[in-house]
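Participant: Let me give you the structure first, and then I'll get to my questions.
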Amino acid sequence: MSSLEESLKEMFAAVSQANRKYSAFAKRAEDEGQKDVAKLLRAASEAEGIHANNFLRAMGMIKSTKENLNSAIDGEVKRFLKIYQSMMNTEMTEDDRWARMSLCYAHEAEKKFAHFFEKALLNLGQNKEADYFVCKICGFTVENELPEKCPVCGSRKKVFEKIE
């Protein structure tokens, strides 16, 4: 791998993390009534997301929808079969309860996304549109129908957000 490719990968990882971090910081600022700071952090998050997309494009990683779905499937399967499972099997103390719970939440959501991506790949070009709802507590995602309770964290259906 060339020095440029290595640098682009590092920058992609850094700005992707900044995008998510600033988004979380904005939510906290909003919750604390700091609307001006929340707005600034959302702007920074959006800019970092643009930078991440530009780095992906520069690395040639945004391809056809079919190739992108295959890449998404590979990533989801790798994470839920190997990375999350391995991490959940490590020794964690009681103090690591939130870490373990976060891993379990992500593990379940990743399995579901792998299924959704595989289904989209099978139906590619048929424009079979569905509604998706994401649990704002654990990230679990359902298609078309909301459950009374989230099957992963047990939250009520009112915490699910419809994705437009």
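Participant: Per DSSP H run of at least 4 residues, take -39500 (n - 2.57); add these up for the chain, divide by its residues and hand me the 222 nm value, nearest 500 deg cm²/dmol.
Facilitator: Taken over the chain, the calculation gives -20500 deg cm²/dmol.
Participant: Taking just the C-alpha trace of the stretch 1-78, give me its Rg and Dmax in Å.
Facilitator: Rg then Dmax for the stretch 1-78, in Å: 15.4, 46.
Participant: Report the Stokes-Einstein translational diffusion coefficient (µm² s⁻¹, integer) for the chain, Rh taken as the Kirkwood radius over Cα pairs, at 4 °C with viscosity 1.567 mPa s.
Facilitator: After rounding, the answer is 71 µm²/s.
Participant: A further question on this structure: Hull surface divided by four, with the convex hull built on the Cα atoms of the stretch 119-164: how many nm²?
Facilitator: Result: 3.5 nm².
Participant: Run the reach check for K27 against lysines, Cα to Cα strictly under 30 Å, same-chain hits fewer than 8 apart removed. What comes back?
Facilitator: List returned: K9, K35, K39, K78, K111, K112, K136, K149, K157, K158, K162.
No value in this document is a laboratory result; all are computed from the given coordinates. Keep in mind it's a predicted model, so treat the numbers as computed, not measured.
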